[in-house]
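For reference, the structure is listed below as structure tokens.
Every read-out reported here was derived from the displayed coordinates using simple, explicitly stated rules and does not represent laboratory data. In this text the structure is predicted, and so the values were computed from the model without any measurement. Methodologically, a virtual Cβ is constructed for each residue, glycine included, from the backbone with ideal geometry; neighbour enumeration extends over all protein chains shown.
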Amino acid sequence: MIEQSPALILIPPFLVAILVALVGFRYQKVCFPLTVLSLAGSVVACVVTLMRVIEGGTIRYFIAGWAPPFGIEFRIDGLNALVAVTVSSVGLLAAIYSKNRVPAENPDKVSQYYTLFLLLITGLLGMVITGDAFNLYVMLEVAALTSYALIAMGPKRATLAAYKYVIMGTIGASFYLLGVGYLYIKTGSLNMFDIHEVLKANDLFGSPAVLVAFIMITVGVWIKMAFFPLHAWLPNSYAYAPTTSSAILGPLVTKVMIYVMIRLTLTVFGVEYTFIQLEWSNIVVWMSVLAILAGSISALAQTDLRKMLAFLIIAEVGYMVGGVWLADETGMIGAIYHIIADAFMTLCVFLFAGILFAKTGKRDLSAMDGQFKKMPLTLVGFLVGAFSLIGIPPTAGFFSKWYLIQGGINSGHYEYVIALLISSLINAVLFFRMIEIAYFGVKPAEGHDHNHSSDHDSGRSEASASMLIPLLITAAILLLIGIFNKDLVAIITDFVSPFNIASGAR
Amino acid sequence: MELFEAISTKINYWVYIVIMMIGLFAMISKNNLIKKLIGMSIFQTAIILFYVSIGVKEGATIPILYHDQVHAAHGDHGEADTSHGEHGAVESHEADIHINPDDFTNPLVHVLMLTAIVVGVSTLGVGLAITQKLHREFGSIEEHEILEIIKSGK
């Protein structure tokens, strides 16, 4: 059973997705418990796999016993395992949150919603653990197709946003597929590790076809992760989608694509080719600086809460792309750490945005009015997420930014450091503005603590347990990741150091 | 003449690029949502053409061994071998028969494209379903009309 743990990551959500589709039509009540159970199973499998990786190093799992390069391989090392744990637990938390929201927002499509939800998690987890370039494309499309539908289930404007996402997402995935095609022409292999071996053994790095492959794959992945000039599809999709959809897509899709980028640069093309031979680092770091600034400044201009958060995601993508392309070991560690931290902090603030929307029905910041009085616990959860996005210790966001900034200084990219600091300041402005509205409110507070009458406005009304618990768990995880940052960084360092990325000033 | 050679020897790549650009043009410039989806379909088909064409060789055939090829090389041992199980049989074939890889096309890319066709069809399906939903909600499938409705609705 333990040996099969990599496969068991994917099997529960996938099979239960089919089951939910079959029985959910008649028995709507079973959809939610089945979804939560299957994702819990997936989380357990991920954690077991992570433990095995920490103890015994890389796990290679051959599907149906076919050895690579002919068969499909799941190859799980420290990076994979950490991201897989993140993806599955974010999925589980969002699923718990969805209990009341899905029937409220899509009353006649509950079983379809959960089927798509589970398939999305399956696709994302598949992308994370697979070691096969073409398999990654298929999983990418599984995740993409389900997320189009999950977004389109929202109100009017979400449908148009979903349509744009279909077009952009297809271009991105097709570019990736083309790039894999060129790699296949040159190497005759689709297994990521095998491709790298063949490229190295035959010294194919100078070949223009490999360069074309690299450009195609990188641009394709950038479109999918909404890297700044290619981000147009993201803000409206995440802002108008059903709240559960944005709580799952916002944290995961972009982060998994960044994982894919790291996997391709480190494993397929190799550090030497990407960072030294190509000499793209400077340009890409400048692009990421633009992405950070553009994302943050656009966020400042928004009045719609979820749209503001969507622009923050674009800024965060800039952080991570920049961190990877600093070509510095500390920067790479920071980028990987930030994938994990950012998934949870984005989940935290999106869950809060969902709760706020559920409570008040308002989309803009005025919904925050006086909420400290009404739901103090929920606000505490939100504060942790907000502090993490700003980067206040001991939350996870502080430590990831710490490593990213250190990487920026080590490699001499001060523009990146400055952009990070400006973005943190803007985040502080954004969130303290919200906190101010929530604490002091626009209206004067009439009731004091002794007034416990459940008068419509002044009384306390926390979010329901199914929404509050995931929010508080996420906040706790953010603090835990922050406090135990050394252990986490130790795992990441074990993964990164064999690649010999240069560190220190050059 | 050099240009002609560069085009004629790599005609499949030129053709796929041209088709892909037609698709991309339609996706970007067309106003009608269905036309955009048609462009997307053309775009994906171009990639399928690219993949299929890289597996093709001149004068090659599908990678299936003919019975007499196996039989001639194997003589009478063929039947005895099969009783040892599949694995043993395959190994002895490899030892005895000389197979020229140039005689066979590469089947892998074609198999990959079966998956890509499925993906393309489902993307088109999702796209059409979303267009239908847009039509139900806005009463139009022209992008500028939808945008105007959204603007005036505010």
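Taking one quarter of the surface of the convex hull spanned by the alpha-carbon atoms of the protein assembly as shown gives a direction-averaged projected area of 34.0 nm². Considering only C-alpha atoms, what is the centroid distance from region A:319-339 to region A:29-70, in Å? Region A:319-339 and region A:29-70 have Cα centres spaced 26 Å from each other.
In a simple Cβ point-charge model (Lys, Arg +1; Asp, Glu -1; nothing else charged), the protein assembly as shown has a dipole of about 2960 debye relative to its Cα centre. Fewest neighbouring Cβ atoms within 10 Å first, the residues A:LEU471, B:LEU134 line up as B:LEU134, A:LEU471. Taken as Cα centroids, region A:110-129 and region A:247-284 sit 23 Å apart, rounded to the nearest whole angstrom. When each full DSSP H helix of chain A is screened for a Cα extent of at least 18 Å along its own axis and an average Kyte-Doolittle hydropathy of at least 1.6, the helices passing are A:5-23, A:31-56, A:110-129, A:208-225, A:281-300, A:376-390, A:465-483.
Sorted ascending by nearby beta carbons within 10 Å, beginning with the fewest, A:LEU309, A:LEU290 become A:LEU290, A:LEU309. Among A:SER147, A:SER388, sorting on how many other beta-carbon atoms sit within 10 Å of each Cβ, with the fewest leading, yields A:SER147, A:SER388. Calculate the length of the line joining the C-alpha centroid of region A:287-302 to that of region A:346-369, in whole Å. Comparing the Cα centres of region A:287-302 and region A:346-369, I get a distance of 22 Å. Peptide A:94-102 has a mean shielding of 0, counted as Cβ atoms of other protein chains within 10 Å of each residue's Cβ. Below 15 angstrom from the Cβ of A:ILE258, what's the summed charge of the other residues (Lys, Arg +1; Asp, Glu -1)? Surrounding charge for A:ILE258 is +1. Computed over neighbours whose Cβ is under 15 Å from that of A:ARG75, the net charge equals -3, Lys and Arg +1, Asp and Glu -1. Counting only other chain Cβ atoms within 10 Å of each residue's Cβ, the peptide A:176-184 averages 4.
With helices as the sole contributors, chain A gives -25000 deg cm²/dmol at 222 nm; each DSSP H run of n ≥ 4 counts as -39500 (n - 2.57), and the sum is divided by every residue. Taken residue by residue and averaged, Cβ atoms of other chains lying within 10 Å of the Cβ of B:123-136 number 5. Of all lysines in the structure, those lying under 16 Å Cα to Cα from A:LYS29, and not within fewer than 8 positions of it along the same chain, are A:LYS99, A:LYS109. Show which lysines lie in cross-link reach of A:LYS373 when reach means a straight Cα distance below 22 angstrom and same-chain residues fewer than eight apart are skipped. Once the sequence-local lysines are set aside, what remains near A:LYS373 is A:LYS359, A:LYS362, A:LYS443.
Placing one equal scatterer on every Cα of region A:280-506 and applying the Debye formula, the log10 ratio I(q)/I(0) at q = 0.13 Å⁻¹ is -0.75.
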